[in-house]
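**Student:** This is the structure I want to talk about, given as structure tokens.
Throughout, read-outs are computed from the coordinates displayed, never taken from laboratory work. What you are looking at is a predicted structure, and each value in this text was computed from that prediction instead of being measured. Neighbour counts run over all protein chains shown; Cβ positions are idealised from the backbone, glycine included.
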Amino acid sequence: MTHNTESANHLAGEHSLYLQQHAYNPVAWHPWGPEALERARAEDKPIFLSIGYSSCHWCHVMERESFEDEEVARLLNAELIPIKVDREERPDLDAVYMDAVVGLTGSGGWPMSVWLTPELKPFYGGTYYPKDAFLELNRRLVDIYRNRRDEVEASARSVYEALSREPTVSTEASISADASASVADDVLRSLDREWGGSAGHMKFPTPSTWAFALHRYRKTGEQALADAVRLTLDQMGSGGIHDHVGGGFHRYTVERTWLIPHFEKMLYDNGQLASLYAEAATVFGDARYEEIARDTLEFMLRDMRDPETGAFYASYDADSGGVEGEFYVWKPGEIIEVAGEEDGPPLAALLGVTEEGNFEGASVLTRRSSPAQVARSMGRPEAEVEGLFERWVEPLRERRARREWPGLDKKVVTSWNGLAIEAFARGYRAFGEPRYLDAATRAADYLWEVHRRDAGHLYRVSNGGEPAEEGVLDDYAFLAAGLLELHEASGDAGHARRALELVDAMLDRFAHPEAGFYMVAEGQEAPMGRPVKPMDGAEPSGMSVALHCLVRAAALTGDDRYRDPADRALGGYASAMERMGPAMSHWADAADLHLGPFYEVVIAGAGGDGSDGLVRAYHDLMPHHAVLLECPADGAGDGLLDTFPPLSGKEAAKGQPRAYVCSRGACQNPTAEADEMTAQILQGWHK
């Protein structure tokens, strides 16, 4: 679509796809920045702040209904200062103003609509509004702002005071195993025992919850946790939230059976779910989990990666040509056109495609019918149905690719790429696929070259190779976690060194004086005060990921300057963990690691004859509660001992590689036997 450049608003020239989508609205949008904020103060006008993201379905709906409407534009342009923010570029603004909306209305979502005083304090908020309601609300709020200013100021002051209140932490408490045990109990209590996931009328994947449950099972052997993980992974993997033809997962489902998704696809969901299924495949020896993990990684490689830089894109839209889900749904005749009259009907039955459909007259694909069930229902030999999906999935994908594709946001987000790096490194460890290690390495190198401004400073995003916005805690923590996993996979100490630089930056620039971390660094813009965001959600919180990085950094270096802040944060938030349950599951996971036993495993003589068996045995186990250090056969050169003191004194025996399994410097007997090394790593852990 071409536009008359004279009709562009102040968003013209912005790199964000979401802002570009609104650059030709008649609403005179401003980006968040000094010009718009100063204008609000100078003209004494309230700010209408609209926050969303490019793949948000209801954001598009509100744009069509309201922001492209001349009547709405006249009102907003005359009486308010309209500002657009891409929540993926400014998660700090999104977080604090979402808290305001939830506090004012009891719920939140996107598009987020917030009305601010010129001092940036919110006095009213909501989400999506249809045109007529939106017009009436703006007229009323403008009138109140003009004629009942005292009420507006009082409301804004009250909201500001509530939001600037930091979580209560204890500086005296210490962490104990009771906290993570309590969270595990709450995960089981909230389980939907029929469909998996947390009970409720909508279903979100929340991978960090199920990763914690999996790790807790590995630590304690509690079978109920394993059963909960398997039920959830099975139902997600067979349901409509999983894109069976194209790979990967959609954002969430609008009902409890994982059948009807909200169709957008986010990098952060797919990175986390690929990691989770890869580890579950290792723990349970389940070929179906391996298939889903690989399927998700291949989707990310094929459809979400920049072929030139190796970095991963942010998201796919829910809509195609303005219609939600149009790209993904099928009718029986379309399946038959691809697979023919003989294979088409049983293939459609395998994929849950029916004449009546399950979504607006068409069918979201599932894989909940087995070949045996389909064969019986159609009076066919099972051998004719077995393998049909595998035979036809590629032609189905090729046929679907001829449809109008959903929009792709090619923004590169630092934290989400950290999750992708972790997923591909873990995929390499689990399945030994060299392409996965290469993908993780290329993405890591791009971020280090483009998103690292200088030592200790990261950008949040890049668009077309142009970096922008200050990184928040999540960017440092998630990228550090990805680099640590890449170090595990590759044995390349350079990745661990990079991770340690980021961990040091977190401690220097984000640390809270009592416990934990702020979301933004000292000196960064913070209109409602520096936010503290401990809760895990669709992504784990930056704080909980930072704690995992601290535990690993302490093991890699033997340095208590990493262990002590983890101890303070876990102790300070221990009571919150017990109160909040699954909303702090990644914290509970960090607590289990911190309480240990947590092992540093040194392979002395790595790269020499016989070392591959020890390294492979370590990766086959994929211990969550250990870090791996490989000491080359020719000695710990290149400053390795300076960075990683636990390597000191670890030597091969007469040229034969040996494994040292240690905890805080206390080592068990070195061994050249993979089985003995594995047994030592499992001491204190069930599996």
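**Student:** Give the long-range amide H neighbours of residue 512: residues separated by 5 or more places, or on another chain, with amide H under 5 Å away, using H modelled in the peptide plane at 1.01 Å from N.
**Tutor:** 517, 518
**Student:** By how many nm would the segment from residue 287 to residue 172 lengthen if fully extended, with 0.36 nm per residue of separation less the alpha-carbon distance?
**Tutor:** Answer, rounded to one decimal: 36.7 nm.
**Student:** Between rounded, prolate and oblate, where does the range 164-294 land on the alpha carbon gyration tensor, with a ≥ b ≥ c its root eigenvalues, rounded for a/c under 1.5, else prolate if a/b exceeds b/c?
**Tutor:** Prolate shape, in that a/c is at least 1.5 and a/b is the bigger ratio.
**Student:** Which ordering of 139, 460 is given by a fewest-first count of other beta-carbon atoms within 10 Å?
**Tutor:** 139, 460
**Student:** Which order do 263, 598 fall in if you start with the one that has the fewest other Cβ atoms within 10 Å?
**Tutor:** 598, 263
**Student:** Does a label point 7 Å from the Cα of residue 119, set along Cα-to-beta-carbon, have any residues of the range 147-172 with amide nitrogen under 19 Å, and which are they?
**Tutor:** Label zone hits: 147-166.
**Student:** If a/c stays under 1.5 just call it rounded; otherwise compare a/b with b/c (prolate if a/b is bigger, oblate if not). Do that for the range 592-687, with a ≥ b ≥ c from the square roots of the Cα gyration tensor eigenvalues.
**Tutor:** Since a/c reaches 1.5 but b/c is at least a/b, the shape of the range 592-687 is classed as oblate.
**Student:** Describe numerically, in nm with one decimal, the distance between label points set 7 Å from Cα along Cα→Cβ at residue 107 and at residue 360.
**Tutor:** The two pseudo-label positions are separated by 2.1 nm.
**Student:** For a test of the definition: using alpha carbon positions, the gyration tensor, and the 1.5 limit on a/c, classify the range 5-163 as rounded, prolate or oblate.
**Tutor:** Rounded is the answer for the range 5-163, as its axis ratio a/c remains below 1.5.
**Student:** Highest mean first, how do 125-131, 384-390, 205-211 rank when packing is the count of other Cβ atoms within 10 Å averaged over residues?
**Tutor:** Going by the mean number of other Cβ atoms within 10 Å, highest first, we get 205-211, 125-131, 384-390.
**Student:** Then there's this: Between residue 12 and residue 561, what length in nm is gained on full extension when 0.36 nm per residue of separation is reduced by their alpha carbon distance?
**Tutor:** My answer for the length gained is 193.0 nm.
**Student:** Take the alpha carbon atoms of the range 105-131, find their center, do the same for the range 289-363, and report the distance between the two centers in whole angstrom.
**Tutor:** 35
**Student:** Check the chain for me: any Cys whose beta-carbon has no other cysteine beta-carbon within less than 4.7 Å?
**Tutor:** 549, 631
**Student:** Given the Cα-Cα distance of residue 202 and residue 43 and 0.36 nm per residue of separation, how much length would full extension add, in nm?
**Tutor:** Separation in residues times 0.36 nm, less the Cα-Cα distance, equals 52.8 nm.
**Student:** I want the local charge near residue 372. Using Cβ-Cβ distances under 14 Å, sum +1 for each Lys or Arg and -1 for each Asp or Glu among the other residues.
**Tutor:** Local charge sum for residue 372: +1.
**Student:** Rounded to the nearest 0.05, what FRET efficiency do residue 161 and residue 383 have when you use their Cβ-Cβ distance and R0 = 56 Å?
**Tutor:** Here the calculated transfer efficiency is 0.20.
**Student:** Further question on the same structure: With θ taken as phi - 60° and the coefficients 6.51, -1.76 and 1.60, list the Karplus ³J(HN,Hα) couplings across the range 599-606 in order, rounded to whole Hz; mark glycine and proline as x.
**Tutor:** Those phi angles translate into 10, 9, 10, 10, 9, 7, x, 4 Hz.
**Student:** Between the range 577-616 and the range 133-154, what is the C-alpha centre distance in whole Å?
**Tutor:** Measuring centre to centre over Cα atoms gives 54 Å.
**Student:** Counting other Cβ atoms within 10 Å of each Cβ, which GluC sites (Glu not before Pro) in the range 254-312 have at most 13 and sit in a DSSP loop?
**Tutor:** Loop-located and lightly packed - 308.
**Student:** Between residue 376 and residue 466, with labels modelled 7 Å along Cα→Cβ, what's the label distance in nm to one decimal, could you check?
**Tutor:** For residue 376 paired with residue 466, the spin-label model returns 6.1 nm.
**Student:** Determine the principal axes of the Cα atoms in the range 328-402, then give the extent along each, sorted from largest to smallest and rounded to whole angstroms.
**Tutor:** Projected onto the principal axes, the Cα atoms of the range 328-402 cover 32, 23, 19 Å.
**Student:** Which part of the range 92-126 falls in the paramagnetic zone of residue 148, meaning amide N under 13 Å from the point 7 Å along Cα-to-beta-carbon?
**Tutor:** Only 124 pass the distance filter.
**Student:** While we're on this one: Dividing the alpha-carbon radius of gyration of the chain by 2.2 N^0.38 Å (N being the number of residues), what value is obtained?
**Tutor:** Relative to the 2.2 N^0.38 Å estimate, the chain comes out at 0.99.
**Student:** Around residue 555, with a cut-off of 11 angstrom between Cβ atoms, what is the net charge of the other residues, counting Lys and Arg +1 and Asp and Glu -1?
**Tutor:** Result for the local shell: +1.
**Student:** Mind giving me the nanometre distance, one decimal, between the label points for residue 132 and residue 538, set 7 Å out from Cα along Cα→Cβ?
**Tutor:** For residue 132 paired with residue 538, the spin-label model returns 3.1 nm.
**Student:** With runs of 4+ DSSP H residues as the only contributors, calculate the mean residue ellipticity of the chain at 222 nm using -39,500 (n - 2.57) per run, divided by the residue total and rounded to the nearest 500.
**Tutor:** Taking each H run of at least 4 residues, the total per residue is -15500 deg cm²/dmol.
**Student:** State which entries of 45/411; 265/533; 84/410; 410/687; 121/410 exceed 30 angstrom in Cα-Cα distance in the structure shown.
**Tutor:** Those over the limit are 45/411; 410/687; 121/410.
**Student:** As a footprinting exposure proxy, order 265, 654, 219 by other Cβ within 10 Å, with the fewest listed first.
**Tutor:** Fewest-to-most ranking of 265, 654, 219: 654, 219, 265.
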